[in-house]
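Q: So that we are looking at the same thing, I have put the structure below in structure tokens.
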Amino acid sequence: MKPFTTVTGLVAPMDRSNVDTDMIIPKQFLKSIKRSGFGPNLFDEVRYLDEGQPGMDNSKRPLNPDFELNKPRYAGAQVLLARKNFGCGSSREHAPWALEDYGFRAIIAPSFADIFYNNCFKNGLLPIVLADDIVDRLFDAVASTEGYKLTIDLENQKVVTPEGDAFDFEVNAFRKHCLINGLDDIGLTLQDADAIRAYETRREQETPWVFGHIR
Amino acid sequence: MAGKTLYDKLWDAHKVSEREDGTALIYIDRHLLHEVTSPQAFEGLRLAGRKPWRLDTNLATPDHNVSTDLAERQAGVAGIRDEISRIQVTTLDDNCTAFGVREFSMNDINQGIVHVVGPEQGATLPGMTIVCGDSHTSTHGAMGSLAFGIGTSEVEHVLATQCLIQRKMKNMRIRVEGDLAPGITAKDVVLYIIGQIGTAGGTGYAIEFAGSALQSLSMEGRMTVCNMAIEAGARAGMVAVDETTIEYFKGRPFAPKGEMWDRAADYWRTLVSDEDATFDKEVVLQAADIEPQVSWGTSPEMVAGVSGKVPNPSNVADEDSRKGVVRALEYMGLQADQPIESIRLDRVFIGSCTNSRIEDLRAAAAVVKGHSVASSVKQAMVVPGSGLVKQQAEAEGLDAIFRAAGFQWREPGCSMCLAMNADKLGQGEHCASTSNRNFEGRQGFGGRTHLVSPAMAAAAAIKGHFVDIRTWQEGAA
Ligand code: SF4
């Protein structure tokens, strides 16, 4: 997982409430055997004019010109600005996979659905909750300023605007530690590698038949 | 100090470290893999540049969507007709090769349903912690081990660290006391248990199945019971080790040998709940109350004895339950108060990780012998749980008995248990099935599943409707 310290990135707006995980990544893509490569199908149903299927060449599909992410001014965005209850619906982890694969590092919204919120941290994405009025202001700023960028300083838990305004946000200390150090659940467990090895050494004495016999 | 339950012992023996939040890092001794839940876990490793922590602990085999049709199987992996299935099976092969994981590939004689293969090979042993990306991993608890299903991100976690972060479950014991009547099998016992405690009865618990009736069961029978612990809401079910357990593993390919065997067996004998251990919940049932079970609804708790009737919603007091019954009867196309024996079958499926072991096939063959499948039954199939079960059955001539009666004799796999391959029910069709789930659509869109034992399924195939296997045996004698 990529460590997250400070990110200064272009902001793209997603101006609708209750964006569910099926909208983030439609169910036909769940049959995939992969966890990478979902980026081109992020928001598939609103992003393209035809119906997406796994295995299609997405570069040949007709784009919806009205969809924000298709506008050249938002190309390469790393911060998604969203509305309330983002990520509701099915618990599919494919949703954060798709957002991350697309290139997003952080999502700002007035609220998030629970499971989605948790799944973000596991996949190196930072979900940031800001008050409604601040989110409104940011939507205005993004609309009126081409190339609008925000700086997200996780260490100090601040979202900093180009004008120099700084908004504080909350994040669980443990999750923050994991993100800053690029630790997913596995990385975290591997911090206990010595304890695991010590356990194995002891168990190998006690129950040797459990070790080393499937080859 | 109070004694320990079997679950306490298994938990304590595998605890690597404890965390402040009450979770613990638990060491995993054996990890089974199949084609459906492993691809993203392997890819996760690859993306993070990680390697499996240990290789000698993993064993993989494709089972969920391999074809059970001989001709299609013989065409190899490239010949799998369904594209998604083919990609998943190929991906498992590729991942196992790339990472060095031992695999019994599709046409290997040792291939089969992962929960049949593990014990059969002695790859899963008493006292182990055993996980697999599949909820019926509880099967392996039958041998006195801690076995439970996990999700794909946990599969990756186990591959990378050989551990899982877990919270301890509560202890529950279900005792079935007394002797089982002739014709009553492990499947009837577990369906009866679920009918009594409900599908949420075991939620949050690790269940130990005990009592004289349980102990009288063979290892195969105990596996059938533990297999369905998950249908009772419990992630793990287990049976204490006794001489039946130890006898079963003697000479299995991956089981210890010689002096090591003796050491292992001594350790395994300690895997019982202490006399003074306390359980958070205890249920006692009488074996004498159990008759052959048939599920009539769309949840495994919707069962009745074969001599009984489909329930009448107007007799159900609780409003929610009544609605559930009404909906189930509608989906199943059954009438209130209809005798169970009057339910007619379109298809019969003998197989799945619940009932596809040699003992199951023997029981079914004994019923079928000398009879023919009823003309009203469109299809009756037997799908052995593994290549070795199939080989053994053929050596005993069971395949010939099934074929002579009009059954199809298939290649090993999950098959019609979950309808991920071509084996499925048509809309509205009734199936007597030895599998474990009768959810709506489980065996095919609109399909109607009745869970039963292998002997009951076999008899239903012959008669075209359910019959009481207890009278059958008398008649055949
Ligand atoms: S036989 Fe059925 S329940 Fe068992 S592992 Fe296969 S699909 Fe799952």
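Q: Which percent of the accessible area of the protein assembly as shown is formed by carbon and sulfur heavy atoms (probe 1.4 angstrom)?
A: Carbon with sulfur: 48 percent of the solvent-accessible area.
Q: Related question: Kindly provide the pair-distance distribution of region B:66-161 built from C-alpha pairs, with 10 Å bins from 0 and whole-percent values in order of increasing distance.
A: Bin by bin from 0 Å, the calculated values are 14, 40, 35, 10, 0.
Q: Okay, next question. Between chains A and B, what is the buried accessible area in Å², counting both sides, with a 1.4 Å probe and ligands, DNA and RNA left out, to the nearest 100?
A: Between A and B, the summed buried area is about 3500 Å².
Q: Do me a favour and compute the ellipsoid semi-axes for chain A from its Cα gyration tensor, root of five times each eigenvalue, largest one first, whole Å.
A: Three semi-axes, in Å: 36, 24, 14.
Q: Starting from the Kirkwood radius over alpha-carbon pairs of chain B, derive D by Stokes-Einstein at 4 °C in a medium of 1.567 mPa s and give it in µm² s⁻¹.
A: Rounded, D is 57 µm²/s.
Q: Something else: Of all DSSP beta bridges in chain A, what percent run antiparallel (nearest 5)?
A: Around 50 percent antiparallel, to the nearest 5.
Q: Can I ask one more? How many nm separate the modelled label positions at residue B:181 and residue B:335, each set 7 Å beyond the Cα in the direction of the Cβ?
A: Simple spin-label model gives 2.6 nm for this pair.
Q: Express as a percent, rounded to the nearest 5, the fraction of DSSP beta bridges in region B:293-471 (both residues included) that run antiparallel.
A: Once the DSSP bridges in region B:293-471 are tallied, antiparallel ones form about 30 percent.
Q: Shifting gears a bit: As a test of the definition: which semi-axes, in Å, follow for region B:369-477 when you take the square root of five times each eigenvalue of its alpha carbon gyration tensor? Largest first, please.
A: Output for region B:369-477: semi-axes of 22, 19, 12 Å.
Q: Tell me, what is the FRET efficiency for residue B:55 and residue A:197 to the nearest 0.05, using R0 = 22 angstrom and their Cβ-Cβ distance as r?
A: The formula returns an efficiency of 0.90 here.
Q: Along its three principal axes, how long is the protein assembly as shown when you only count alpha carbons? Whole Å, largest extent first please.
A: Largest to smallest, the principal-axis extents are 92, 57, 55 Å.
Q: So how tilted is helix A:132-144 from the main axis of chain A? Cα-based, degrees 0 to 90, rounded to 10.
A: 60 degrees
Q: Within region A:163-215, list the chymotrypsin sites (Phe, Trp or Tyr not before Pro) lying in a DSSP loop whose Cβ has at most 16 other Cβ atoms in a 10 Å radius.
A: Passing sites in region A:163-215 are A:211.
Q: To continue, here is another question. Considering every residue in A:202-214, what mean count of other chain Cβ atoms within 10 Å of its Cβ is obtained?
A: 6
Q: Using Cα-Cα distances under 8 Å and only pairs 6 or more residues apart, what relative contact order does chain B have, in percent?
A: That works out to 17 percent.
Q: Quick one: if you take sqrt(5λ) for each eigenvalue of the C-alpha gyration tensor of region A:82-125, what semi-axes come out, biggest first, whole angstrom?
A: Here the semi-axes work out to 15, 12, 9 Å.
Q: Could you tell me the convex hull volume per residue, in Å³, taken over the Cα atoms of region A:71-177?
A: Enclosed volume per residue, from the Cα hull, is 101 Å³.
Q: Moving on to the next point. In nm, give the distance between the simple-model label positions of residue A:181 and residue B:344, each being 7 Å from the Cα along the Cα-to-Cβ direction.
A: Placing both labels 7 Å beyond Cα along the Cβ direction yields 6.8 nm.
Q: Here is a follow-up. Using alpha-carbon positions, what is the distance between the centroids of region A:100-150 and region A:1-49, in Å?
A: Taking the Cα centre of each part, region A:100-150 and region A:1-49 sit 12 Å apart.
Q: Related question: In whole Hz, with x marking every Gly and Pro, tabulate ³J(HN,Hα) for region B:287-299 from phi via Karplus 6.51 cos²θ - 1.76 cosθ + 1.60, θ = phi - 60°.
A: With the stated coefficients, region B:287-299 comes to 4, 5, 7, 8, 10, x, 9, 9, 7, 10, x, 10, 8 Hz.
Q: Express in % the proportion of alpha carbon pairs of region B:358-421 at distances exceeding 16 Å.
A: The proportion of pairs with Cα distances above 16 Å equals 43 percent.
Q: Let me ask something additional. Once phi is turned into θ = phi - 60°, what whole-Hz ³J(HN,Hα) does the Karplus curve with 6.51, -1.76 and 1.60 give for every residue of region B:342-358, x standing for Gly and Pro?
A: Ordered by residue, 3J(HN,Hα) equals 8, 6, 9, 10, 9, 9, 9, 10, 10, x, 5, 5, 7, 9, 9, 8, 4 Hz.
Q: Pairs B:309/B:378; B:309/B:390; B:323/B:463; B:168/B:424; A:31/B:51; A:31/A:176: which are spaced more than 30 Å apart, C-alpha to C-alpha?
A: B:309/B:390; B:323/B:463; B:168/B:424; A:31/A:176
Q: Pull up all non-local amide H partners of residue A:108: gap of 5 or more, or a different chain, and H-to-H distance under 5 Å with H placed in the peptide plane.
A: Residues meeting the amide H criterion: A:80, A:81, A:82, A:128.
Q: Volume per residue, Å³, of the convex hull around the alpha-carbon atoms of region B:293-471?
A: So the per-residue hull volume is 97 Å³.
Q: Same structure, new question: Obtain the nm distance between the two label points defined at residue A:91 and residue A:144 by a simple spin-label model: each point lies 7 Å from its Cα along the Cα-to-C-beta direction.
A: Here the modelled spin labels are 4.4 nm apart.
Q: Which residues' amide hydrogens lie under 5 Å from the amide hydrogen of residue B:145, considering only partners 5 or more residues apart or on another chain, with H built in the peptide plane?
A: Those qualifying (amide H under 5 Å, at least 5 residues apart or on another chain) are B:127, B:239.
Q: Which one, A:193, A:77, A:95, has the greatest fluctuation when you compute a Gaussian network model over chain A with C-alpha springs under 10 angstrom?
A: Looking only at A:193, A:77, A:95, the largest GNM fluctuation is found for A:193.
Q: If you don't mind, another one. Mind checking the full-extension length gain between residue B:15 and residue B:109? Use 0.36 nm per residue of separation minus the Cα-Cα distance, one decimal, nm.
A: Using 0.36 nm per residue and subtracting the Cα-Cα distance, I get 30.2 nm.
Q: If each residue of separation counts as 0.36 nm, what is the full-extension length gain between residue A:49 and residue A:71 once their alpha-carbon separation is subtracted?
A: 6.4 nm
Q: Out of the DSSP beta bridges found with both residues in chain B, what percent are antiparallel (nearest 5)?
A: 25 percent
Q: List every residue whose amide H lies under 5 Å from the amide H of residue A:148, counting only residues 5 or more places away in sequence or on a different chain, with H placed 1.01 Å from N in the peptide plane.
A: So residue A:148 has HN proximity to A:11.
Q: Note down the relative contact order for region B:293-471 as a percent, whole number, built from C-alpha pairs under 8 angstrom at least six residues apart.
A: About 29 percent, as a whole number.
Q: Convex hull over the Cα atoms of region B:1-51, averaged projected area in nm²?
A: If you wrap the Cα atoms of region B:1-51 in a convex hull and average its projections, you get 5.9 nm².
Q: So how exposed is residue B:442, as accessible area in Å² (1.4 Å probe, rounded to 10)?
A: 50 Å²
Q: Okay, helix-only estimate at 222 nm for chain B: each DSSP H run of n ≥ 4 adds -39500 (n - 2.57), divide by all residues, round to 500 deg cm²/dmol; what do you get?
A: -9500 deg cm²/dmol
Q: Full extension from residue A:156 to residue A:134: what is 0.36 nm times the residue separation minus their Cα-Cα distance, to one decimal in nm?
A: So the chain would gain 6.1 nm between residue A:156 and residue A:134.
Q: Can you give the accessible area of residue B:420 in Å² (nearest 10), computed on protein heavy atoms with a 1.4 Å probe?
A: Per-residue accessible area (residue B:420): approximately 70 Å².
Q: Using only protein heavy atoms and a 1.4 Å probe, report how much of residue B:430 is accessible, in Å² to the nearest 10.
A: 20 Å²
The values are calculated or read from the model by the stated rules, or taken from the named source; none is laboratory data. Since we're looking at a predicted model, the values are computed, not measured. Ideal geometry is used to build each Cβ from the backbone, glycine not excepted, and the neighbour counts take in all protein chains shown. Side chains are part of the model used for accessible areas, which takes the heavy atoms of the whole protein and leaves out ligands, DNA and RNA. Shrake-Rupley method; radii C 1.70, N 1.55, O 1.52, S 1.80 Å.
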